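Comments concern the structure below.
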Amino acid sequence: MRLLVYHEVVLNRLEPDVRRQAASEAFYSRALPRIRRFMLGLAIPVAGFVLLRFGLKIALGFLVGCAIAYVNFYWLKRVVTALADKVTATGECPSSAGVVLRFLGRYLLMAFAAYAIFKISPASLYGLFAGLFLPVAAVLCEAGYELYAALRHGF
Amino acid sequence: MRRLSYLFMALSAMCLATPLYAQGGGGMSHADWVAITSGFAMAIASAVCGIGQAKATAASAEALARNPSARPGITLALILGLALIESLALYTLVIIFAKVA
């Protein structure tokens, strides 16, 4: 009987901590999808602001930069996942050459888009560069959100 | 022998007289210096970012191999780290473009 009471007391004390830890892990595991949503959520209003403030060409350049940054971030995630599969010997175990080519392909995509925009409309290049910083802005938003969640929910 | 030493001393003194070899009016302009320093700045930024990415990837691969159960946290940190390191090279590129163009 005494043992049962002791177990109940201990479990009641531990349960909130375990629940909180599980909630915290679930919260941080959703960070990458949240960053991608932040990227989408930031791109459209900022593109509207750029359109009103700087004109159509720079806004188009900004949107192309945002699209490249989004694809770049997605490919980066895939490359890191493939690398983790390779290291831990889980999943499909992709070839090393494929991982390296995917990693370098992101830079080729950026360089090709910058060259094409530079040839078509050099003024849009400023918009493209601004769009390429979209992941940084999204990471900053995520950092702010995590700080808010940590203060509010104690994660 | 003494004459020979005088000759060598005179020749060495002439070698030190750098204005003798100075260029004419067509020196390097401001734009040339901007282009040269931009190239060096981009090269240094790319090299340092490459080193940073390599160190981050190596450390995370080692951490994954040691503790595969910590994979979600390690991959998240690696993705964010690589994205932010890349943005540093982009900052340099933007500054160079603003200065050169």
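No value in this document is a laboratory result; all are computed from the given coordinates. The structure displayed is predicted, hence computed values, not measured ones. All Cβ positions, glycine included, derive from the backbone under ideal geometry; neighbour counts span all protein chains shown.
Does B:Ser46 count as under 20 Å from the mean Cα position of the chain (by Cα), within 8 Å of another protein chain (Cβ to nearest Cβ) and closer than 25 Å to A:Gly65 by Cα?
Numbers: under 20 Å from the mean Cα position of the chain (by Cα): yes; within 8 Å of another protein chain (Cβ to nearest Cβ): no; closer than 25 Å to A:Gly65 by Cα: yes.
Answer is no for this residue.
Which of the helices (runs of 4 or more DSSP H) contained wholly in the range A:81-155 include at least 1 residues that are more than 24 Å from B:Leu88 (Cα to Cα) and more than 11 Å from chain B (Cβ to nearest Cβ)?
On the way: elements: A:96-120, A:124-132, A:134-153.
Here the list reads A:96-120, A:134-153.
Within the range A:63-80, how many residues turn out to be over 15 Å from the mean Cα position of the chain (by Cα) and within 13 Å of another protein chain (Cβ to nearest Cβ)? So that I can check it myself, show each step before the final result.
Step one: list which residues in the range A:63-80 are over 15 Å from the mean Cα position of the chain (by Cα), which gives A:63-65.
Checking the rest, the ones that are also within 13 Å of another protein chain (Cβ to nearest Cβ) come to A:65.
Looking only at that region, the number is 1.
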